[in-house]
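Asker: Here it is, the structure in full.
The values are calculated or read from the model by the stated rules, or taken from the named source; none is laboratory data. Everything numeric here is computed off the predicted structure, so don't read it as measured data. No Cβ is skipped: glycine too gets one built from the backbone with ideal geometry, and neighbour counts run over all protein chains shown.
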Amino acid sequence: MTVRLKDLPTEELLHKGNLACAGCPEMVGFRHVLRALGPETIVINATGCLAVITQMGVPKVPHFHVLFENAPAVVSGIDDALRVQGRREGVNLLVVAGDGGTADIGLGSLSGAIERGQDFVYVCFDNEMYMNTGGQRSGTTPYLARTTTTPVGAESRGEPRTEMRRKDMVEIAVAHGIPYAASASIGYPLDLVERVEKAARVRGPTYIHVHSPCPTGWGMDPAKTVEAAQLAVKTGCVVLYEVEDGKRRITRGVARRAPVEEYLRLQSRFRHVVADPVALAEVQRGVDERYAALLARMA
Amino acid sequence: MTTEFWNGNRAAAEAARQARVQVVAAYPITPQTHTVEYLSEYVAAGRLDARLVRVESEHSALSACCGASAVGARTFTASCSQGLQLMSEVLYFASGMRFPIVMAIANRTLSVPVSIWADHQDTLVNRDCGWIQLYAASVQEVYDLVLMAFRTAEDPRVHLPAMVAYDGFILSHASEPVEALPDEEIRALLPPEPPHLRPLLDPNDPKQFGEVLFPDFYPDIEYKKHRALEESLEVMGEAFEDFHSRTGRRLSPVETHGCEDAEIVLVGLGSMMQTARHAATRLRAEGTKVGVAQVRVYRPFPDRDLVEAVGGARTVLVLDRDIGYGSAGMVYPDVTRALYHAPSRPDVLNFIVGTGGKDITPKTIERCVELGRHGYRGMSVFWPDARGPAEGIAYTPGVKA
């Protein structure tokens, strides 16, 4: 069932005002995820920007800021305890984390929770770097992106790890035999809501990877967050798809992909790439390769 | 009451079962592993209505307990050594969140060199993380203290997590007769669920947990946590009284033997204090008045009980089965602090013994007494069972390389 604008739940589960930077994608994404799940939700928040910017009671639902790497373990304990107490029915357990908390420091804990079959919705807001600490590279930083730990200089062109070897969290989740996994984007909120609603109906672990362009970290005009998110999809840098019981399906296809340059030139972290035709061609090739590899896997 | 023949791990597991724990999360590590295996068997056999979270690391074990505790469930875990160190970050999280989790620890040293044998290094480096720490000297004490740990940790005046430590292999694997209480008696000792006086994670009563606190308010919260841990001594005292009236077994923060007229008092933790009693009896027969003070409650540190135990002794010998590298044993500074303002202010000497599982025999204890009997003579930390390095330097007078 496709979610239309008039189907969107209207109850806002965030109080007005928060500590986010201007143009923050995470607040946009979190707002829609919560609306999709409704008030009977407990949020377990791994350390990251979201935990900081929702301080002082921003969420209207129970919100538990835990450690950086242990949110999946904490939700496991909550899941099992509510079962023993006979209170598990009707409660959504939502884990929210960034790419650092998910793909790097918390990967072991997430792997364990999925493998045990705990019942939760895991949403990763991926801004492709550690922004809570000011912009260091992470396991999902794209090829040649400039971060504070992959600077551009005489001996360095930014992130050296190629596009094909970026951690692909949806596929890592799928390799666990997870019942439901999907990618989504803050640029397509109706699609995001649909993915979250679907995940909530599944019993067992579910994983949603939400692409979240960060103006502060990427060097963008804060007015362009949504535009960047949509361009990421239109250029094929991000592919929106879902995996249900191992079957992959594109949820929002692109008829003709735009050149990556259109997406990159919004971001100062790629300024050196846009200025260098060789580097630009390399990035385009990496994106093409990854896109083709992913599409080849579709059912 | 029935007499059972249990090892320490079994005693800890039985006590946790009788406490009706609801969520157990743990990861295997020698010599603790049996504790969780026993609990798994109880659940499999329908003797315990609990969920086991078979986690992928100790860090996750304690984290899962935190999650369960956040919705009000009674939780239990077990660990030691490297596993406890991996949990270290979560130890502070658990006490800061005031989760009354109980953890059994079969003490084992820390690598490297690799050793699976007992010393107190693992729990002592975590002594200041806001947990109650209890040290058992026998398998009976393991059983008793796990029950007391639940009762004290969950008391609304405390609401802090608790560890019960017992020496790996020496107590975890050796079987001893244990007087076990019937399940009904435990029901009188512990309520069916932890009292829910703090806010829980509940959609009907949404609250925010684990949040930032700005510097102006930080000391207030730290002080409250510190006071709650200090005051747990009194709460534990009440629990010990209740326990005594039901079982006839008297537990105290500091267990004394022959301290009344002692000139020399041995102070320390764990099973070596049983050995110390044995040695003290022999030394007394030879005319040396030696007393033994076993510190059973180590956090909060029972200053007053220790000062009373030491009484008018002129020399106190602190046995540390651990080493605070570059300083002294880790129990030693607590004892010196407590005795500094004591009326008698005895000489206090430190003996590093039995690290990495080296046997502590009555002879080891006698050696400590021999080295320390004349009080302070310019040296305060001794290593009576360490041999010097190849160059022939002795760490301790009289110990040959």
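Asker: Take the conditions within 14 Å of chain A (Cβ to nearest Cβ) and at pLDDT 95 or above and apply them to residue B:38. Does it pass?
Answerer: no
Asker: Examine segment A:39-49 for a residue that is within 26 Å of residue A:185 (Cβ to Cβ), aliphatic (A, V, I, L, M) and facing chain B (nearest Cβ under 7 Å), and state whether such a residue exists.
Answerer: Within segment A:39-49, one or more residues are within 26 Å of residue A:185 (Cβ to Cβ), aliphatic (A, V, I, L, M) and facing chain B (nearest Cβ under 7 Å).
Asker: Still on this structure: Take the residues in segment A:13-25 that are within 14 Å of chain B (Cβ to nearest Cβ) and out of contact with any strand residue (DSSP E or B) (no Cβ under 7 Å at 6 or more places or on another chain); name whichever of them is surrounded by the most Cβ atoms within 10 Å (Cβ to Cβ).
Answerer: A:18
Asker: Scan (1) closer than 30 Å to residue A:119 by Cβ; (2) touching a residue at least 12 places away in the same chain (Cβ under 8 Å) for the single condition residue A:261 breaks and write down its number.
Answerer: (1)
Asker: Name the single residue, out of those in segment A:182-205 being more than 15 Å from the chain's Cα centre (by Cα) and outside any helix (DSSP H, G or I), that is surrounded by the fewest Cβ atoms within 10 Å (Cβ to Cβ).
Answerer: It comes out as A:203.
Asker: Could you check how many residues of segment A:87-97 are free of Cβ contacts under 8 Å to residues at least 60 places away in the same chain and either part of a strand (DSSP E or B) or within 11 Å of chain B (Cβ to nearest Cβ) (or both)?
Answerer: 7
Asker: Is there any pair with a first residue in segment A:242-253 that is over 15 Å from residue A:207 (Cβ atoms) and a second that is assigned to a strand (DSSP E or B) whose Cβ atoms are under 6 Å apart and which are 6 or more apart or on different chains, and what are they?
Answerer: A:249/A:242; A:250/A:241; A:252/A:240
Asker: Still on this structure, please answer the following. Within segment A:53-86, count every residue that is facing another protein chain (nearest Cβ under 7 Å) and of a type in the set (A, V, I, L, M, F, W, C).
Answerer: Within segment A:53-86, residues that are facing another protein chain (nearest Cβ under 7 Å) and of a type in the set (A, V, I, L, M, F, W, C) number 11.
Asker: Let me ask something else. Test residue A:28 against the criterion of being at pLDDT 95 or above, outside any loop (DSSP other than H, G, I, E, B), within 19 Å of the chain's Cα centre (by Cα) and facing chain B (nearest Cβ under 9 Å), and give yes or no.
Answerer: no
Asker: Inspect all residues belonging to segment B:1-11 and state whether any of them is at pLDDT below 95, surrounded by fewer than 20 Cβ atoms within 10 Å (Cβ to Cβ) and in contact with an Asp or Glu (Cβ under 7 Å, 6 or more places away or on another chain).
Answerer: yes
Asker: Tell me whether segment B:236-250 contains one or more residues that are within 14 Å of chain A (Cβ to nearest Cβ) and at pLDDT 95 or above.
Answerer: no
Asker: Yes or no: residue A:171 surrounded by fewer than 19 Cβ atoms within 10 Å (Cβ to Cβ), modelled with pLDDT of 95 or more and either within 18 Å of the chain's Cα centre (by Cα) or of a type in the set (Asp, Glu) (or both)?
Answerer: Working: surrounded by fewer than 19 Cβ atoms within 10 Å (Cβ to Cβ): yes; modelled with pLDDT of 95 or more: yes; either within 18 Å of the chain's Cα centre (by Cα) or of a type in the set (Asp, Glu) (or both): yes.
Taking the combined requirement at face value, the residue satisfies it.
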